[in-house]
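What follows draws every value from the coordinates through simple rules; no lab data is involved. Keep in mind that what you see is a predicted model, and the values were worked out from it rather than measured. No Cβ is skipped: glycine too gets one built from the backbone with ideal geometry, and neighbour counts run over all protein chains shown.
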Amino acid sequence: MLAYTIRRLFGILVMLLLLSMFTFTLSRVVPGGPWMQGAEIPLPDEQVAAFKAKYGLDKPLWQQYLVWLGNAARLDFGRPFTAPELSVTQLIARVLPYSALIGGLAAALATAIGITLGIIAAARQNSWIDTLITSYAVGIATIPSYVMGYILAYLIAAKLGLFPTGGWGGPRHWVLPVVAFGLPASGGIARWTRQCIAEAMAADYVRTAYAKGLSQASVMTRHVLRNAMIPIITSVLPIFPGMMTGSIFIERVFGLPGLGTYFVMSSTNRDYPLVLGITIFWAVLISLTYLLTDILYGVIDPRVRIGEGAR
Amino acid sequence: MRTEATAPAIALVGREERSGRARFWIGAWRRFRRNRLALFGLVYVIVITFVAVFAPTLAPYAYDKIEPSIALQPPTIEHPMGVDKLGRDMLSRIMYGARPMLLVGVLTQVAGLLVGVPLGVIAGYAGGFLDWLITRLIDLFSALPWYLIVLYMVMVLSPSLQNLILALTITAWVSSARIVRGISFSVRELDFILAARALGTPTRRIVTRHILPQVAPLLVWGFAAGIPTAVFAEAGLSFIGMGVRPPQPSWGQMLGEAGLYWQYFPHMFIFPSLMITLSVLAFQGLADGLREALEVHVAA
């Protein structure tokens, strides 16, 4: 287990290294640069040269990268060009809570709806209620979150006036973004849950349990759910960090602050330190979650052996 | 001489195999026909392709014809879907908007196959160092946060349809490469491949005649299953202004333009929303129908 974890962590490090090289090179080789932002007329060459010298952008690319890497290894990602009063880390720490709150609630909503519907559909397979739930799951997943956002904002906020149409405020402002973000995600979870449970219900030990004379309720809770929950949990868990890092679409529709908006802004402004900082933060979060779920898989499912002897 | 002596036997095997495969595809069509959502998807895709190709003839107005005097007008008989903030006919723009949607959806999958299938065959069939290298590459690309990379690449390379397709292709080849590698790897040691090898069949012929037909159902499904993701991505990136450049219309971009007006002029967001959702649903239904029809066993 330990050897496996170390090997995976090493793999993540290699991935981060390659990702940062890719992002770094791509941002530098394309035309344009941070000195072009906010300038009505192009800056004189001397000023561009002075800007480059100040931020070390005049050095060869590999030197710039090594300097960045050296600082990043000490968790210093520099200061954004567009907001030099904060460090990149501070800026992410300041914006993340907004994204994490909306995304976390949305992921929780998606999980609750998805798993409930999936269980009902699997328990009543091939009935009208199963057809209804499956249609819902397929249909809802095809609606992009921003379309859902507009529909909800139009019907519930603008027409009925039940909730604000956007902006940041109290819990009343959270409702529509959370629903718009969470509902489309519930479709996939419902389908996956239904499939996992349907597979577990077809297993031999379920037939044995029925043959022993157990009631349907006790077979479902004691045998089916317990086994089906493992693949469900391990595939639902990575949804949380994915959604908690925010969605540029939801932020755009409802006018919310968030990490997605900053990422888009930093890329168009050629704000090199911020782009790299957000990319690396995102990649670390997501790959650690995958690692965690894989380890968790081994812990909760005794049939899974990871590390030596596996494969 | 040698090949002549063995020719009849090979021809016989070939014919039997072919008729067996034909039976498989006929059966697949029968299974596909039973799925109503899949049929809807097929019909929708045919219709929307027709509209996209003949948009210049079908569209009642030019997509960039500006009529400021009627800007933001709700649907009327002359403009069944209303007009946008510059007075451009929404129906015409919706028709033209099918073009980037299909282009991105289909081209990224084609490019993905063109890159992924050769890499997969090389890795699975040749094995050794090449297999190790390509497998690592596949692992790396599946570990990367691809959405971020696509978004980032498009923004940095300057937003345009070409760059959007390029960025999406970088991630689209991974799944087909993995599928093809897995199958060619497992098929390599089977008796009929060994027999073909023993008969001196050139590798190229083994790959095209024996390996690719085995992977074909999976690839057909994979092709269809990748399209909804690409359509989603095109609409999403155009929505935040990172995709198709104005004045070329795209549904996502039209939706983004509805931004300030949707509360009072709902026609500006209803029609593009409807088209995006219907298209994703159609392609998804088509892919799901193909999965059942071709008896592909993968996680949904």
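Once the piece of chain linking B:Phe40 and B:Asp191 is laid out straight, how much longer is it, given 0.36 nm per residue of separation minus the C-alpha distance between them?
Numbers: separation 151, 0.36 × 151 = 54.36 nm, distance 4.15 nm.
Full-extension gain reported as 50.2 nm.
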- Item | Whichever lysines have a C-alpha closer than 16 Å to that of B:Lys85, once near sequence neighbours (fewer than 8 apart) are set aside | B:Lys65
- Ratio Rg/Rh [Cα only; Rh per Kirkwood] for the range B:145-198: 1.35
- Message: Considering only C-alpha atoms, what is the centroid distance from the range B:103-125 to the range A:176-198, in Å?
- Response: 30
- Pull up the cross-link candidates among the lysines for A:Lys52, meaning alpha carbon to alpha carbon under 24 Å and not fewer than 8 places away within one chain. none
- State the Cα centre-to-centre distance between the range B:192-250 and the range A:81-104 in whole Å. 39
- Item | Calculated P(r) tail over 24 Å for the range B:27-148, as whole % of Cα pairs | 58
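Given the convex hull of the Cα atoms of the protein assembly as shown, what is a quarter of its surface area in nm²? Walk me through the numbers on the way to the answer.
On the way: hull surface 142.1 nm².
It is 35.5 nm².
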- Which FRET efficiency value, to the nearest 0.05, is calculated for A:Asp204 and A:Ile129 with the Förster distance at 35 angstrom and r the Cβ-Cβ distance? 0.85
- Task: Work out how far the C-alpha atoms of the range A:160-265 reach from end to end along every principal axis, then list the three figures in whole Å, largest first.
- Result: 60, 33, 18
- Query: For chain B, modelled as a GNM with alpha-carbon contacts under 10 angstrom, which of B:Leu194, B:Leu39, B:Leu286 fluctuates the most?
  - Reply: B:Leu194
- About its Cα centre, how strong a charge dipole does the range A:87-232 have in debye, to the nearest 20, once Lys and Arg get +1 and Asp and Glu get -1 at the Cβ? 200
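Quick check: residue separation of B:Leu114 and B:Gln214 times 0.36 nm, minus the Cα distance between them. What number comes out in nm? Could the numbers behind the result be given before it?
Working: separation 100, 0.36 × 100 = 36.00 nm, distance 1.72 nm.
This chain segment gains 34.3 nm when fully extended.
Assuming a ≥ b ≥ c are the square roots of the Cα gyration tensor eigenvalues, decide whether chain A counts as rounded (a/c under 1.5), prolate (otherwise, with a/b larger than b/c) or oblate.
Numbers: a/c = 3.39, a/b = 1.61, b/c = 2.11.
Oblate.
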- Query: Computed over the Cα atoms of the range A:77-155, what is the convex hull's projected area averaged over all directions, in nm²?
  - Reply: 8.1
- Query: Points 7 angstrom from Cα along the Cβ direction at B:Leu260 and A:Arg222: gap in nanometres?
  - Reply: 6.6
- Per 5 Å bin from zero, what fraction in whole % of the C-alpha pairs of the range B:174-300 is there, up to the bin with the longest pair? 2, 10, 15, 14, 12, 10, 9, 8, 7, 5, 4, 3, 1, 1, 0
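Kirkwood Rh and Cα-based Rg: tell me the resulting Rg over Rh for chain B, rounded to two decimals.
1.08
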- Item | Computed log₁₀ I(q)/I(0) - Debye formula, equal Cα scatterers, no solvent, the range B:108-229, q 0.10, 0.17, 0.23 Å⁻¹ | -0.35, -0.85, -1.27
- Query: At what distance in nm do the modelled label points of A:Val175 and A:Leu43 sit from each other, each positioned 7 Å from its Cα along Cα→Cβ?
  - Reply: 4.9
